[in-house]
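Readers should treat all values here as calculations from the given coordinates under stated rules, not as data from a laboratory. As the structure is a computational prediction, the values presented were derived from the model and not from experiment. Glycine gets a Cβ as well: all are built from the backbone with ideal geometry, and neighbour counts include every protein chain shown.
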Amino acid sequence: MMKVAFGKIFVLEWLKLMLSVMLAFALMSCDRAPTSTTVGGNGKVRLVLAVSVNPKDRASYQAAVRDFRAAHPEIEVDVMEVAGDIYQKMLIMMAARNAPDLMWMGQGFSGMVDRGVFLDVTDRVKRDLDTTIYAPQALEWYQHDGRQYGVAFGLDLRLICYNKALFDEAKVSYPQNGWTYDQFLQAAKALTIDRDGDGRIDQYGFEGDLDLSLFNAKVISEEGKGALCNSPEMIDFLQTNVDLSEIHKVSPRGQQTANEQLKDPVTTFRQGKTAMMTMATWNLPELQDRCAEMRWDVVSNPAVRQNGHWGSSQAIVISADTRFPEQSWMLAKVFLHKDFQMGKFPVILPSNIEAQKELAGRLRGKAPSVESMIIASRSLYRMPRVPRMRELMQFWLDATESVWALKLTPQQAMDRAFGQINRAMAMHRENAI
């Protein structure tokens, strides 16, 4: 989600995007008019649900809406499938006073909630939900100023995927949850092989990066007061990952040819050129399809300086402008049911703890390991709630890429990003006055 390379976007397209977002924020400061949803000519309430979908999870939304319509024939639901940047689309619709009644939200929620665009569901949650059956992040990550604006139906996370056949061939034990950095590095070295003795590595032990959360490294302070990306923890994160490639030679980063860098990680994993790689939950269906003939599984990250996993979440929230808050809440609760959440696995790890347990029992011994995902979810680190976080993160991403390409040292790159982020934040504050 934050892999967008703004430097590669055509200037005109970038300007159009910025102008549309600026217009959306400007208009949202004005009094809002009611959404266009109405009671139709047939007397039915009509709700519009906007979702960000891909072919792998479209069916789960369609089934949930179909069942809801059958249970509530007095309510019609139109599903609006949004391709591309759903946050930009929602901002523009909100500015046009035509927001959908309900909408999918992920990390972008934190940059929009202080605009007053979401319905406060605090009292409804207390009235209708047993909050003890949900992972704590499902509630915490959708709170603002002590109020609840949604409940996540799923958790997104990144962990490590490994090829069992390559481990067996090298006579290396499979990684176990709770493993250490030393155990990880030992396995990666044993799985890095020059098969034909030509001096070039044919199989790498690891591809990707050990997450910055494992080093307690932060890009921006939680309160949004300034950049933290030039901290010793961040330099440690970058240098450790560079060393995997340049010192230990267990990772292809920095050693790949331009041709090899065009290949996606799943391709190299499928070809047996990588024994371990980082993988996000939303990539797992692709892995299931393309690597169906392989023996693979997932495991939680090794502890480096601490346990940690990048984390995000998915929720259905309600527009503050909806004319039908109760009907919208009825529909929103459907996505919190364990059956819906289990249907979306492994695109997400269900936030419903009962769904997690049921999946773990049903899929025991099958990839991807639900148990590993549950363990990983206990040490999730989300991005800070800072306005225009995606824009600010791009400075850090660009600087990080210069480190991976060996163009700058970690300190040089992070000092550059530190200045860029702080200048951008200062400009944002001035414009807000």
### Summary
Applying the span-like rule to the chain (DSSP H, Cα extent along axis at least 15 Å, Kyte-Doolittle mean at least 1.6) gives 11-28
### Task
Would you grab the residues whose amide H sits under 5 Å from the one on Leu47? Only those 5+ places off in sequence or on another chain, please, with H modelled 1.01 Å from N.
Glu76, Val77, Asp78
### Query
Once both labels are modelled 7 Å past Cα along the beta-carbon direction, what's the Glu81-Asn216 spacing in nm?
4.6
### Summary
Other residues with Cβ under 10 Å from the Cβ of Phe324 give, with Lys and Arg +1 and Asp and Glu -1, a net charge of 0
### Query
What is the extension gain from Trp404 to Lys357, computed as 0.36 nm multiplied by their sequence separation minus the C-alpha to C-alpha distance, in nm to one decimal?
13.0 nm
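Please give me, ordered by residue number, the chymotrypsin sites (Phe, Trp or Tyr not before Pro) of the stretch 85-126 that lie in loop per DSSP and have at most 12 other Cβ atoms within 10 Å.
none
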### Query
Using r as the Cβ-Cβ distance of Glu430 and Thr180, and R0 as 41 Å, what FRET efficiency do you calculate, to the nearest 0.05?
0.30
### Task
Would you please give the FRET efficiency between Ala292 and Asp243, computed as 1/(1 + (r/R0)^6) with r the Cβ-Cβ distance and R0 = 45 Å, to the nearest 0.05?
0.85
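So in the chain, what percent of DSSP beta bridges are antiparallel if you round to the nearest 5? Each step should come with its number before you reach the end.
Details: 27 of 42 bridges.
Taking every DSSP beta bridge with both residues in the chain, the antiparallel ones total about 65 percent.
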### Summary
Counting only residues 5 or more apart in sequence or on a different chain, those whose built amide H sits under 5 Å from that of Asn301 are Ile160
### Task
Please list the non-local residues whose amide H lies under 5 Å from the amide H of Phe118, H modeled 1.01 Å from N, same-chain partners needing a gap of 5 or more.
Ala320
### Task
Quick one: compute the contact order of the chain, relative version, from alpha carbon pairs under 8 angstrom and 6+ residues apart, as a percent.
23
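Can you work out the FRET efficiency for the pair Thr122 and Asp194, with r the C-beta to C-beta distance and R0 = 51 Å, to the nearest 0.05? Intermediate results must be reported in sequence, preceding the final value.
Working: r = 60 Å, r/R0 = 1.17.
Step by step, r from the Cβ atoms, then E = 0.30.
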### Query
Tell me, in nm to one decimal, what length is gained between Thr132 and His337 on full extension, where the rule is 0.36 nm per residue of separation less the Cα-Cα distance?
72.4 nm
#### Entry: Lys pairs under 20 Å by Cα in the stretch 159-310, provided they are eight or more residues apart or on distinct chains
10
### Under the Karplus curve 6.51 cos²θ - 1.76 cosθ + 1.60, θ = phi - 60°, whole-Hz ³J(HN,Hα) for the stretch 102-115, x wherever Gly or Pro sits
10, 8, 6, 9, x, 4, x, 4, 5, x, 10, 4, 6, 8
#### Entry: Net charge, Asp243 excluded, C-beta distance under 13 Å - Lys, Arg +1, Asp, Glu -1
0
